[in-house]
1. Restricting to region 335-358, name every residue that is open to solvent by less than 30 Å² (accessible area, probe 1.4 Å) and touching a Leu at 6+ places or on another chain (Cβ under 7 Å).
2. It is to be established whether one or more residues within region 117-124 are assigned to a loop (DSSP other than H, G, I, E, B), at pLDDT 95 or above and of a type in the set (Val, Ile, Thr).
3. Report those helices (runs of 4 or more DSSP H) wholly inside region 1-111 carrying at least 3 residues which are of a type in the set (A, V, I, L, M, F, W, C) and within 23 Å of LEU349 (Cα to Cα).
4. Can you pull out the residues in region 210-241 that are of a type in the set (Lys, Arg) and in a strand (DSSP E or B)?
5. Name the residues in region 162-209 that are among the hydroxyl-bearing types (Ser, Thr, Tyr) and in a loop (DSSP other than H, G, I, E, B), would you?
6. Can you tell me which residues in region 1-56 are closer than 24 Å to ALA295 by Cβ, surrounded by fewer than 20 Cβ atoms within 10 Å (Cβ to Cβ) and of a type in the set (Gly, Ala, Ser)?
7. Could you look through region 115-154, keep only residues that are open to solvent by 60 Å² or more (accessible area, probe 1.4 Å) and among the basic types (Lys, Arg), and pick out the one that is farthest from PHE237 (Cα to Cα)?
8. Output the number of the condition that SER273 fails; it satisfies all remaining conditions of (1) surrounded by fewer than 13 Cβ atoms within 10 Å (Cβ to Cβ); (2) modelled with pLDDT of 95 or more; (3) among the hydroxyl-bearing types (Ser, Thr, Tyr).
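The values are calculated or read from the model by the stated rules, or taken from the named source; none is laboratory data. Here the structure is a predicted model, which means the values were calculated and not measured. Cβ placement follows ideal geometry from the backbone for every residue including glycine, while neighbour counts extend to all protein chains displayed. Side chains are part of the model used for accessible areas, which takes the heavy atoms of the whole protein and leaves out ligands, DNA and RNA. Shrake-Rupley method; radii C 1.70, N 1.55, O 1.52, S 1.80 Å.
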Amino acid sequence: MPAPLKFAYWVPNVSGGLVTSRIEQRTDWGYDYNRELAVLAENNGFEYALTQVRYTASYGAAYQHESTGFSLALLLATQRLKVIAAVHPGLWHPGVLAKFVASADVLSGGRAAVNVVSGWFKDEFTGLGEPWLEHDERYRRSEEFIRVLKELWTNDSAEFRGDFYRIHDFDIKPKPLSTPDRPHPEVFQGGNSTAARKLAGRVSDWYFSNGKDFDGFSEQVAEVRGYAAEHDHHVRFGLNGFVIARDTEAEARDVLREIVDKADVQAVEGFRSAVQQAGRSTSDKKGMWADSEFADLVQYNDGFRTGLIGTPEQIARRAVEYKRRGADLLLLGFLHYHEDVEYFGREVLPIIRELEKELDATAATPEPVGSFS
């Protein structure tokens, strides 16, 4: 029987919430708020949380807590939640990160994970005096980075020789916890470009998609699965979405309209300029955000495009259709986190679980002989 759809939430460890808008957001970037949110989330059906990474004030995000330290704090405040820390190759050495994550994994009983971000914000690299590589080179570096992490986590005498990293007879102790289902901390990775999709097909455990409609997501799943098959590799799929769940569709649509109407235009346009330069720098123009419109970028990972906006039943049906098309996990953002996460767990998730039963029963029932004649 297929596994139930998993849920993750974007940790608001960066100020400004998950939309670049002047609408009221009863969400806070501080630790006390996030500690309470993490416990609330794991008690309302969320299995994962993803901490964001920004190193300097930018595009409406004036304050930021560093992702790995914040992730460890949330791991120690929870019992079951798996916390994914976003990290940048080029700003981290994989050996140092491997050591940190191994300790975090042991301390949390095997709940640490990483999201490898190849980089879109040039000013963070150049501002710290680090080189800004050409697009596909950043993904080449990310592949070596991931391979080094896994080598150090699983071998006592780690060896690696690449263009970016060299490891010789290196051992870290303690190792992360290892089980048959999870031999090492899970490695997530996003990106929309061909380079990103091929990277996922070779080495990543999970591929994160920016917000997509049904057809856009299906196309990504098919292509990444094709690359994975070429390398005898298994990859799972996560999809970004922003949830506006209300008792009526009209209420939900009104909230969306207000978010966009009150957008911080200067911040959105600044972000748009930075990310679309990165997306269009690919040879086939398939990079992240390359075709995003202004309204899409008010939620900075195209979360509105996924269409999880409406009544609990409308959202549940759409979520299960994404599962049917290959989603293993939905990565969700919210406007008012405490209230909205609790509402999701109480009103939306039970419907999803019932619809999953119907989907699984349909998938398990063979078509009658001659049904297509």
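1. Taking region 335-358 and keeping what is open to solvent by less than 30 Å² (accessible area, probe 1.4 Å), we get 335-337, 340-341, 344-345, 348-349, 352, 355-356.
Listed by number, the residues that qualify are TYR337, VAL341, ILE352, GLU356.
2. Among the residues of region 117-124, at least one is assigned to a loop (DSSP other than H, G, I, E, B), at pLDDT 95 or above and of a type in the set (Val, Ile, Thr), which makes the answer yes.
3. Correct list: 31-42.
4. Residues of region 210-241 that are of a type in the set (Lys, Arg), as a first pass: 212, 225, 236.
Passing the criteria: only ARG236.
5. Listed by number, the residues that qualify are TYR165, SER178, THR179, SER193, SER204.
6. Within region 1-56, SER15 is the sole residue that qualifies.
7. In this case the residue turns out to be LYS122.
8. Going through (1) surrounded by fewer than 13 Cβ atoms within 10 Å (Cβ to Cβ); (2) modelled with pLDDT of 95 or more; (3) among the hydroxyl-bearing types (Ser, Thr, Tyr) one by one, SER273 breaks only (2).
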